[in-house]
1. Going through 178, 165, 131 one at a time, which residue ends up being touching a Leu at 6+ places or on another chain (Cβ under 6 Å), within 24 Å of residue 64 (Cβ to Cβ) and surrounded by 14 or more Cβ atoms within 10 Å (Cβ to Cβ)?
2. What number of residues within the range 85-143 are touching a Lys or Arg at 6+ places or on another chain (Cβ under 7 Å) and modelled with pLDDT under 85?
3. Considering only residues of the range 38-75 that are of a type in the set (Val, Ile, Thr), more than 12 Å from the chain's Cα centre (by Cα) and in a helix (DSSP H, G or I), which is farthest from residue 157 (Cα to Cα)?
4. Is there a residue being loosely packed, with under 15 Cβ neighbours inside 10 Å and hydroxyl-bearing (Ser, Thr, Tyr) anywhere in the range 83-100?
Amino acid sequence: MVKFFGNLSYVLAAGLALLIAILAVAGQFSNAQSITSILIFLHVICGIMWIGHLYYFNFTQIPTMPKIPAELKPAIGKYIAPEALFWFRWGAAFTVLTGLVVIHQKGDDTAFALAPNFRLIGIGMYLALFMAANVWFFIWPNQKKALGIVEADADTKAKSASLAMMGSRTNTLLSIPMLYCMVAQSISPW
């Protein structure tokens, strides 16, 4: 049992196999709506990966860093942060990609309309697009400098760490209305 649960690939494969079995038993492979449901599921999983890492950085890593002894901080910067940032930025990219595929699959162009009565899903989508752009074009370039992934002097590293934190906190701020819009849209006809 320890060998099984100690291997993330085994656990993920088993979870996927269980999902497929449940969907087969429930007859969920029978129509186009089933495909859309699977795409929405992938969108949600990617979103959890993205926002989960955003919250990890803002609720755990950033507040804890000042408490970590100086001799242990290099392990965070060299091993944990780069790995977490990998899943963070690709979670963002695939959340956007799967979201756009879902909108296309549903034929729901009203989410793209900039009219006074546009739907919550459109607001959530625009917030998420801005947040994803922030991840890739502001947070990540600054994190690369702060972590020493790209060459930078000490002053640049410190400034980049501060800028990356502000970008991350901006996304945390925006995640609150974005998540509300996404959830409310799924239970509301607006």
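The values are calculated or read from the model by the stated rules, or taken from the named source; none is laboratory data. Keep in mind that this is a model prediction, so the values were computed, not measured. Positions of Cβ are generated from backbone atoms using ideal geometry, with glycine treated the same way; all protein chains shown enter the neighbour counts.
1. Working: 178 fails: within 24 Å of residue 64 (Cβ to Cβ); 165 fails: touching a Leu at 6+ places or on another chain (Cβ under 6 Å).
Exactly one residue qualifies, and that residue is 131.
2. Of all residues in the range 85-143, those touching a Lys or Arg at 6+ places or on another chain (Cβ under 7 Å) come to 110-111, 135-136, 140.
Then keep just the ones that are modelled with pLDDT under 85; that gives 110-111.
So the answer is 2.
3. Here is the first cut: in the range 38-75, the residues of a type in the set (Val, Ile, Thr) are 38, 40, 44-45, 48, 51, 60, 62, 64, 68.
Of the ones still in play, those that are also more than 12 Å from the chain's Cα centre (by Cα) are 38, 40, 60, 62, 64, 68.
Narrowing further to those that are in a helix (DSSP H, G or I): 38, 40, 60, 62, 64.
Working: 38: 42, 40: 39, 60: 21, 62: 15, 64: 19 Å.
So the residue we want is 38.
4. no
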